[in-house]
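Asker: Could you have a look at this structure, given as structure tokens, before my questions?
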Amino acid sequence: MKLFFDNIDSLDQFTHELDHHPESLTCQHCGSQGHFVPHGFVYKNQHIDHSYEKEPVGKRIMCSNRYGRTGCGRTLRFYLADYVPALSRAAIHISLFFLALITGKPIQSAYTEATHTIDPRNAYRWLSKCQTKIIHYRAALVNRCGTYSSAFNWRAQRLQLLLPTMNDLRNNFSDSFVTDFQLKQQRRFM
């Protein structure tokens, strides 16, 4: 099932045409098919130039249990690939953070450069989340270079494992590898 989309228009079109592809949509909670109805947008407060702006980053569909339908009543969320679910930062911020780390910047400096905030506490949360998902990143790599591991030997052990993988993701996808990963793998980056 497709969970990430390029733009809000294609996502909106997908949710309004649920009756045209009922066999490809199965509720992950109850297993039923053909009971989905659009249920509204998902909004996030995004950090934009030191302020918060509320913008749509996804859409919900409901496994309907109304009007003769026998669904469970729970919702599923679909997102734009430019945004990582459960994070207040956009995917580009995570890509910039890892690109700065790959070039040798310390964690605090890389986080400040990517997000324009001084407090780096979320940087360590990002690293922990990415470390638990490293197997998914490596599975997504077509060509695993592995030649960069010696360049990161002076870093902390967590970064010795994570940075070569992120560098390979960047080489296989593009500089906005978080967005590309979510679009091609149809799974959350973190």
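The values are calculated or read from the model by the stated rules, or taken from the named source; none is laboratory data. Worth saying up front: this structure is predicted, and the values here are computed from it rather than measured. Virtual Cβ from ideal backbone geometry, glycine too; neighbours counted across all protein chains shown.
Asker: Working only within the range 59-85, note down all residues that are among the small types (Gly, Ala, Ser) and farther than 19 Å from Ser24 by Cα. If you could, list the steps in order and put the result at the bottom.
Answerer: Taking the range 59-85 and keeping what is among the small types (Gly, Ala, Ser), we get 64, 68, 71, 73, 81.
Passing the criteria: Gly68, Ala81.
Asker: Specify the residue that is modelled with the lowest pLDDT; the eligible residues are those in the range 127-145 that are over 14 Å from Phe189 (Cβ atoms) and loosely packed, with under 12 Cβ neighbours inside 10 Å.
Answerer: Among those residues, the one meeting the criterion is Asn143.
Asker: Determine which member of the set Ala91, Ala86 is among the aliphatic types (A, V, I, L, M), surrounded by 20 or more Cβ atoms within 10 Å (Cβ to Cβ) and under 30 Å from Arg60 (Cβ atoms). Can you show your working first?
Answerer: On the way: Ala86 fails: surrounded by 20 or more Cβ atoms within 10 Å (Cβ to Cβ).
Step by step, each of Ala91, Ala86 is checked, and only Ala91 is among the aliphatic types (A, V, I, L, M), surrounded by 20 or more Cβ atoms within 10 Å (Cβ to Cβ) and under 30 Å from Arg60 (Cβ atoms).
Asker: So, in the range 148-190, of the ones that are among the aromatic types (Phe, Trp, Tyr) and more than 17 Å from the chain's Cα centre (by Cα), which residue ends up modelled with the lowest pLDDT?
Answerer: Step one: list which residues in the range 148-190 are among the aromatic types (Phe, Trp, Tyr), which gives 148, 152, 154, 173, 177, 181, 189.
Then keep just the ones that are more than 17 Å from the chain's Cα centre (by Cα); that gives 148, 152, 154.
Working: Tyr148: 54, Phe152: 68, Trp154: 67.
That would be Tyr148.
Asker: Sticking with this structure for a sec: Can you work out which of the residues in the range 170-190 that are assigned to a loop (DSSP other than H, G, I, E, B) and either in contact (Cβ under 8 Å) with a residue 40 or more places away in the chain or among the β-branched types (Val, Ile, Thr) (or both) is surrounded by the most Cβ atoms within 10 Å (Cβ to Cβ)?
Answerer: Here is the first cut: in the range 170-190, the ones assigned to a loop (DSSP other than H, G, I, E, B) are 173-176, 186-190.
Next, only the ones that are either in contact (Cβ under 8 Å) with a residue 40 or more places away in the chain or among the β-branched types (Val, Ile, Thr) (or both) stay: 175-176, 186-190.
Details: Asp175: 12, Ser176: 17, Gln186: 12, Arg187: 13, Arg188: 17, Phe189: 25, Met190: 17.
So, considering only residues that are assigned to a loop (DSSP other than H, G, I, E, B) and either in contact (Cβ under 8 Å) with a residue 40 or more places away in the chain or among the β-branched types (Val, Ile, Thr) (or both), the one surrounded by the most Cβ atoms within 10 Å (Cβ to Cβ) is Phe189.
Asker: May I ask you to list the residues in the range 90-133 that are in contact (Cβ under 8 Å) with a residue 40 or more places away in the chain, of a type outside the set (Val, Ile, Thr) and more than 23 Å from Asn171 (Cβ to Cβ)?
Answerer: Correct list: His116 only.
Asker: Considering the range 65-89 alone, what residues qualify as being polar (S, T, N, Q) and either touching a residue at least 40 places away in the same chain (Cβ under 8 Å) or under 29 Å from Lys184 (Cα atoms) (or both)?
Answerer: So the first thing to find is which residues in the range 65-89 are polar (S, T, N, Q), and the list is 65, 70, 75, 88.
Correct list: Thr75, Ser88.
Asker: Pick out the one residue from Gly68, Gly40, Gly73 that is farther than 24 Å from Gln13 by Cα and exposed (fewer than 15 other Cβ atoms within 10 Å of the Cβ). Explain how you work it out, then say what you get.
Answerer: Numbers: Gly40 fails: farther than 24 Å from Gln13 by Cα; Gly73 fails: farther than 24 Å from Gln13 by Cα.
Criteria check complete, one pass: Gly68.
Asker: Something else about it: Residue by residue through the range 103-122, note down the ones that are crowded, with 19+ Cβ neighbours inside 10 Å, over 23 Å from Leu183 (Cα atoms) and out of contact with any Pro (no Cβ under 7 Å at 6 or more places or on another chain).
Answerer: Ala110
Asker: With the checklist (1) surrounded by 16 or more Cβ atoms within 10 Å (Cβ to Cβ); (2) modelled with pLDDT of 80 or more; (3) farther than 27 Å from Ala91 by Cα in hand, flag the one item Gly34 doesn't pass.
Answerer: For Gly34, the exception is condition (2).
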